[in-house]
Amino acid sequence: MHTFRFATEEDVGLILKFIRDLAEYEKMSDQVVATEALLREWIFEKHRAEVLFICEGQMAVGVALFFHNFSTFLGRAGIYLEDLFVMPEYRNREYGKALLKKLAQITVERGCGRLEWACLDWNRPSIDFYLSRGAVQMNEWTTYRLTGETLNRMAEAES
């Protein structure tokens, strides 16, 4: 039997561990610059994201990190799922399915218009899982990103 709980500030070390485990799975460990101090500031002091754990007994075995976005077309907020991760030894026990269902319930309870996320195009197991849950792949959209020095140059640009 599983339970859910929202993270508290005392969980920053656990949150960071899940982030690092996900990055390792996605072959992106070298890109993790998050620290416990940054997570504490942005999640618990500035309230820019929320973290939901799925637990087996008292042990967190999966995590969903999410935040609100806004749809101008719908005229209301949505929820953007940044990370969904279940520890490898707890996969195939429907924890991912339960986390996604719980997030859908939170989305509906909060009156949000949609739940959305991105998935790496090589991650076929996750893609198949999402499609099996009724998710629609947004093939006509391309994600763009500014980070680091490019972001700083854009912020300083004259025009």
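Just so you know, all these numbers are worked out from the coordinates, no wet-lab data involved. Given the structure is predicted, the values throughout are model-derived calculations rather than measurements. Ideal geometry is used to build each Cβ from the backbone, glycine not excepted, and the neighbour counts take in all protein chains shown.
Flag: ASP21 matches the condition of being surrounded by 11 or more Cβ atoms within 10 Å (Cβ to Cβ) and part of a helix (DSSP H, G or I).
Against the list (1) out of contact with any strand residue (DSSP E or B) (no Cβ under 9 Å at 6 or more places or on another chain); (2) over 23 Å from ALA23 (Cα atoms); (3) surrounded by fewer than 10 Cβ atoms within 10 Å (Cβ to Cβ), the condition ARG153 fails is (3). In the set (1) touching a residue at least 60 places away in the same chain (Cβ under 8 Å); (2) charged (D, E, K, R); (3) at positive phi, ASP21 fails one condition alone, (3). Residues in region 78-116 that are outside any helix (DSSP H, G or I), closer than 23 Å to ILE15 by Cβ and either in contact with a Pro (Cβ under 8 Å, 6 or more places away or on another chain) or not hydroxyl-bearing (Ser, Thr, Tyr) (or both): 16 in all. Within region 94-123, if we keep just the residues that are more than 17 Å from ASP21 (Cα to Cα) and without any contact (Cβ under 8 Å) to a residue 12 or more places away in the chain, the residue that is surrounded by the most Cβ atoms within 10 Å (Cβ to Cβ) turns out to be ALA104. Taking the criterion of being in contact with a Lys or Arg (Cβ under 7 Å, 6 or more places away or on another chain) and in contact (Cβ under 8 Å) with a residue 12 or more places away in the chain, the only residue of region 24-49 that qualifies is VAL32.
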